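The values are calculated or read from the model by the stated rules, or taken from the named source; none is laboratory data. Computed from a predicted model, the values in this text were never measured in an experiment. Every residue, glycine as well, gets a Cβ built from its backbone with ideal geometry; the counts of neighbours run over all protein chains shown.
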Ligand code: PMP
């Protein structure tokens, strides 16, 4: 996206790439660099130094089901959930993964019994996150296969992926299927106060989280799962053992430090003495940014007369103790023009790259457009990065 960095003209006032008539604005994928400004102000509270002799062993805690989980990371994950109140941690196993993407794959493996007559059906209500079908079918496993929209599924044996708030449309979701043999995986990547009011302490069997969305550290590639059942936790751990023999300790230490800095920012005791802490609250910063962006976006959509956005909903947030609106990381934009059947190509004609609704199992009149992407829309000159050769990404 930002391939034109060195060549693109810069706006003298901001130093950011200038938007010129031939600029391409890439809103196809999100990248949480929006949070960079916050972390630049954090200083050494989120910094780590790792001497050459440290983090050399494969093992972290051989007495734990997840033997490669760093105890310090486990501690900060539980502490942050207790602070925010978005998920139950008591009685849960914490598992670490290389992003929540690896834990998603581990969950598919753990929930698909070996030696079944047919692959396990994996479903999710449309519009669903475009990575789900892509990752599920990538290796054409005999254990599981993508089976599309959960609402159109017939049968008792399935894995239902429940993403809430949902990527791409930000909706709050519950499982739509129920059966003795059906299983649900709750992807709660966006269930944090900058995106949505925290209305309940989630306590599902398998819940997935990631620093990519909570703190913005997508490049650290650290996610975690909260898993109730010990047997499932063991199988998920086995998957990661055979996939990558564990998860980078260096990344876990960094993620632990970052989560600690977030919790410390809200810690009453430390805030009292240190003003710096008091003004350094990630979820407040994130919420402010998201509110700003959504108000500009809603204004622009209304002014256009041809685009509509999902209705804004609000609820009481148990964390902030205030009413709060939902501020999704993505905009699920509908083009209402009668003559436009494919909103993504219509926007592409105007040098704006978005992801078609069809990639989310939905109507191509819709597109998903990134909202929590860089500090400015990623721009590049169309000659440096022709639309036709844009790398197609299915994640984020
Ligand atoms: N789940 C959802 C709903 C996401 O949007 C993303 C990232 N875009 C992920 C999971 C993957 O996150 P990670 O970077 O931890 O692999």
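Please verify whether residue 184 is assigned to a strand (DSSP E or B), at pLDDT 95 or above and under 19 Å from residue 132 (Cβ atoms), treating the condition exactly as stated. Full working, then the answer.
Details: assigned to a strand (DSSP E or B): yes; at pLDDT 95 or above: yes; under 19 Å from residue 132 (Cβ atoms): yes.
Against the criterion (assigned to a strand (DSSP E or B), at pLDDT 95 or above and under 19 Å from residue 132 (Cβ atoms)), residue 184 qualifies.
Pairs linking a residue in the range 200-219 that is over 21 Å from residue 109 (Cα atoms) to a residue that is at pLDDT 95 or above and in a strand (DSSP E or B), with Cβ atoms under 6 Å and 6 or more positions apart or on different chains, are 202/87; 211/222.
Could you tell me which of the residues 142, 115, 155 is in contact with a strand residue (DSSP E or B) (Cβ under 7 Å, 6 or more places away or on another chain), part of a loop (DSSP other than H, G, I, E, B) and free of Cβ contacts under 8 Å to residues at least 40 places away in the same chain?
Only one candidate passes the filter, namely 155.
The single condition among (1) within 16 Å of the ligand (Cβ to nearest atom); (2) crowded, with 16+ Cβ neighbours inside 10 Å; (3) more than 19 Å from the chain's Cα centre (by Cα) that residue 138 does not meet is (2). Is it the case that residue 72 is more than 28 Å from residue 131 (Cα to Cα) and either under 23 Å from the mean Cα position of the chain (by Cα) or within 16 Å of the ligand (Cβ to nearest atom) (or both)? Judged against the criteria, residue 72 is a match.
For the structure I just gave you, tell me whether residue 116 is away from the ligand (no atom under 14 Å from the Cβ) and at pLDDT below 95. Full working, then the answer.
Numbers: away from the ligand (no atom under 14 Å from the Cβ): yes; at pLDDT below 95: yes.
Criteria met by residue 116.
Please indicate, with yes or no, whether at least one residue in the range 205-215 is surrounded by fewer than 21 Cβ atoms within 10 Å (Cβ to Cβ) and either part of a loop (DSSP other than H, G, I, E, B) or more than 13 Å from the ligand (Cβ to nearest atom) (or both).
Just the residues of the range 205-215 that are surrounded by fewer than 21 Cβ atoms within 10 Å (Cβ to Cβ), to begin with: 205.
Narrowing further to those that are either part of a loop (DSSP other than H, G, I, E, B) or more than 13 Å from the ligand (Cβ to nearest atom) (or both): 205.
Taking every residue of the range 205-215 in turn, at least one turns out to be surrounded by fewer than 21 Cβ atoms within 10 Å (Cβ to Cβ) and either part of a loop (DSSP other than H, G, I, E, B) or more than 13 Å from the ligand (Cβ to nearest atom) (or both).
For (1) surrounded by 23 or more Cβ atoms within 10 Å (Cβ to Cβ); (2) assigned to a loop (DSSP other than H, G, I, E, B); (3) away from the ligand (no atom under 11 Å from the Cβ), each residue gets a yes or a no:
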residue	(1), (2), (3)
159	yes, no, yes
196	yes, yes, yes
239	no, no, yes
246	no, yes, yes
